[in-house]
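Following: one structure in structure tokens, then a few remarks.
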Amino acid sequence: MRLFQEGFYHAKAIFIDDKVCDIGTANFDRRSLYFNHEVNLLMYDQELVRKLYTYYEQDFNYATPIYEEWYEYPNSKTHIVKKILAKWFHPLL
């Protein structure tokens with residue numbers, strides 16, 4: 001997992017064998033598909049898929065790796081409350 005700090009990404013991308021790319025904002029859950037009306041796009045153009053993958057690689061290289069220790073720090077009371085609230089609301093997100 002990595003933290004991208006050069007902007008904000010909500011999109012997800014899946015590259016399959018340099019032949020297919022599925023890119024979009026939808027998660028595979030009810031909220032994304034039925035409430036937020038998010039969509040994805042499947043692309044089969046190999047030249048376009050390769051080009052998109054080079055953009056992905058560039059962004060990936062800018063991102064900072066996140067390790068397990070990152071989740072534990074900081075361990076303030078506010079941080080602990082946020083983690084508890086996130087666990088409670090996880091099914092709705």
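Assorted remarks:
- Selection count, the range 72-85, where residues are surrounded by 10 or more Cβ atoms within 10 Å (Cβ to Cβ), modelled with pLDDT under 85 and either closer than 23 Å to residue 27 by Cα or of a type in the set (Lys, Arg) (or both): 2
- With respect to the conditions (1) in contact (Cβ under 8 Å) with a residue 40 or more places away in the chain; (2) outside any loop (DSSP other than H, G, I, E, B), residue 9 lacks only one, and its number is (2).
- Only a single criterion out of (1) closer than 29 Å to residue 91 by Cα; (2) over 12 Å from the mean Cα position of the chain (by Cα); (3) basic (Lys, Arg) is not satisfied by residue 12, namely (2).
The values are calculated or read from the model by the stated rules, or taken from the named source; none is laboratory data. Nothing here was measured: the structure is a model prediction, and the numbers come from that model. For neighbour counting, all protein chains shown are included, and Cβ atoms are generated from backbone atoms with ideal geometry for every residue, glycine included.
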